[in-house]
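Only one structure is covered here, and it is reproduced in the block below.
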Amino acid sequence: MTLPPNTDQVLVIACGALAHEITTLINLNNWHHISLTCLPAIWHNHPEKIANGVEELAIKHGNQYKNIFIAYADCGTGGALSKTCERLGLSMVQGPHCYSFFEGHDTFAAHGEDEIGAFYLTDFLARQFEAFVVKPLGLDRHPQLRNMYFGNYEKLVFLAQTNDAKLDEKARAAAMQLGLKFERRFTGYGDLATELAALR
Amino acid sequence: MSDDAQDDIILSELSDEELTLQMHDDLYDGMKDEIEESVNILLGRGWAPYKVLTEALVAGMTIVGQDFRDGILFVPEVLLAAGAMKGGMAILKPLLAATGAPQVGKMVIGTVKGDIHDIGKNLVAMMMEGAGFEVLDLGINNPVEDYLDALERENADILGMSALLTTTMPYMKVVIDTLVEKGIRDDYIVLVGGAPLNEEFGKAIGADSYCADAAVAVETAKDYMARKHNAMNA
């Protein structure tokens with residue numbers, strides 16, 4: 001889909017897994033100057049596709065917006081996305097991944113070695129646990145693989161962007177399914193909100 | 001292969017050639033019990049453990065690896081196949097040691113500090129063993145000291161390091177830099193791997209090679225060992 005020229009607007013190119021959260025932030029804050037377009041959320045599992053996907057969209061929409069912002073952190077691209085952004089002159093979310101920017105990079109980094117055995121879910125991943133974790137790992141067809149994937153993990157940490165009892169239950173059930181202890185941590189939108197608020 | 005078809009096959013009634021091909025199928029389908037049974041049948045027929053390993057298990061896993069690389073098989077299926085191979089290896093391993101199977105070289109392998117992911121590392125370790133390497137697997141979350149101690153203690157030829165996270169993969173450079181500082185970098189072949197890595201990263205940190213998957217790791221290691229032996233014999 002080609003968006004209409006809108007040179008007063010900032011285009012945010014985001015991971016589809018952030019669409020709900022960014023839309024909520026735009027509506028809550030009346031950020032009428034921000035438009036959103038997303039790449040497939042399932043690329044969370046295929047980070048090798050992200051840098052090229054971002055570049056294609058940025059080139060496609062480049063002359064239609066005042067500014068383009070990339071709502072991805074490194075997200076498993078191994079630095080490929082930051083190189084692409086640097087080459088195209090685009091800004092992106094700082095940090096390694098959404099778990100870090102939702103909790104706040106400093107807070108997340110401070111967990112250090114205490115959390116190397118933590119498997120994280122966000123609101124999106126709690127909602128989409130079957131489609132993004134269970135099925136891609138084949139746990140629906142081969143539940144015996146669970147310990148090969150998760151045997152070294154100790155706990156599932158649900159980084160909650162919202163207070164939603166149903167999502168809490170889903171995340172708790174996910175922890176049980178993976179055989180992990182459950183911990184819930186409310187993060188709100190963390191550094192994502194800060195980065196988007198700075199867009200002009 | 002359907003369960004019905006599998007039920008119709010009596011493994012012990014197959015010829016050696018048929019049974020070997022059947023084992024390739026069973027590995028592909030992740031059928032651990034059948035693989036264990038077939039390994040015992042071939043051993044009972046007088047096959048050398050090394051022959052069972054290479055012609056039945058490694059050859060079967062090579063097909064699995066190729067189809068994984070070509071996008072025909074996916075991680076869950078590869079893990080099931082690896083589990084089946086592991087079952088066969090458990091029977092063969094003590095016998096291989098006892099029968100003096102050829103040793104290609106010795107590898108120390110482990111996931112780097114801060115990282116608990118070991119699926120890829122375990123696959124590499126298993127395939128390296130299958131290819132005749134002696135492998136010391138240090139497990140997960142290894143600080144530089146663990147690698148260095150093991151390399152020296154085991155008089156290893158190869159260091160293998162694995163990482164799944166972009167936040168942990170830079171630690172590989174810490175290990176390699178320490179080898180350089182101690183003046184022992186050239187004593188070892190350093191192979192690195194893991195989902196977020198690439199060839200450029202491997203070069204940048206001073207590894208000998210980045211290995212995209214277990215099959216590549218085996219071929220790369222064999223190639224380096226051959227060169228090492230040639231250099232020693234020159």
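Laid out as a table, the results:
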quantity	calculated
Peptide B:75-81 - average C-beta neighbours from other chains (10 Å radius)	5
Where A:156, B:21 fall by accessible area, highest first, once all protein chains stay in place (1.4 Å)	B:21, A:156
For the pair A and B, total buried accessible area rounded to nearest 100 Å², probe 1.4 Å	1500 Å²
Cα-centre dipole for the stretch A:10-93 with unit charges at Cβ (Lys and Arg positive, Asp and Glu negative), debye to 20	180 debye
Kirkwood-based Rg to Rh ratio, the stretch B:55-102, C-alpha trace	1.08
In Å, descending, principal axis extents of the Cα set of the stretch A:10-93	34, 27, 18
Under 5 Å, built H, 5+ apart or other chain: amide partners of residue B:135	B:107
Per-residue HN-Hα couplings for the stretch A:178-192 [Karplus 6.51, -1.76, 1.60; θ = phi - 60°; Hz; x = Gly/Pro]	8, x, 10, 5, 10, 9, 10, 9, 7, 10, x, 9, x, 5, 4
Gain in span if fully extended, residue B:231 to residue B:86, counting 0.36 nm per residue against the direct Cα distance	48.8 nm
In nm, spacing of pseudo-spin labels at residue A:183 and residue A:63 (7 Å Cα→C-beta vector)	5.2 nm
Exceeding the 25 Å Cα-Cα cut-off - candidates A:49/A:170; B:86/B:121; B:51/B:203; B:182/B:203	A:49/A:170; B:51/B:203
Heavy-atom accessible area order for A:145, A:36, largest first, 1.4 Å probe	A:36, A:145
FRET efficiency estimate (nearest 0.05) - Cβ-Cβ, residue B:103 to residue A:52, R0 60 angstrom	0.85
Scattering profile of the protein assembly as shown at q = 0.06, 0.12 Å⁻¹ [log10 I(q)/I(0), Debye over alpha-carbon scatterers]	-0.31, -1.07
Largest to smallest accessible area among A:106, A:74, B:115, B:70 [probe 1.4 Å]	A:106, B:70, A:74, B:115
Sum of -39500 (n - 2.57) over DSSP H runs of 4+, divided by residues of chain A (222 nm, nearest 500)	-10500 deg cm²/dmol
Chain B, accessible area per residue, ligands and nucleic acids excluded (1.4 Å, Å²)	46 Å²
Pairwise label distance in nanometres, residue A:24 with residue A:165, each label 7 Å out on the Cα-Cβ vector	1.7 nm
Derived scalar couplings ³J(HN,Hα) [the stretch A:87-104; Karplus, 6.51 cos²θ - 1.76 cosθ + 1.60; whole Hz; x for Gly, Pro]	5, 8, x, 10, 8, 9, 5, 6, x, x, 6, 5, 4, 6, 6, 5, 6, x
In nm, spacing of pseudo-spin labels at residue B:222 and residue B:199 (7 Å Cα→C-beta vector)	2.0 nm
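The values are calculated or read from the model by the stated rules, or taken from the named source; none is laboratory data. Keep in mind that this is a model prediction, so the values were computed, not measured. A quick note on method: Cβ atoms are made from the backbone with ideal geometry, for glycine too, and the neighbour counts reach across all protein chains shown. Heads up: the accessible areas ignore ligands, DNA and RNA and are worked out on the full protein's heavy atoms, side chains in. Shrake-Rupley method; radii C 1.70, N 1.55, O 1.52, S 1.80 Å.
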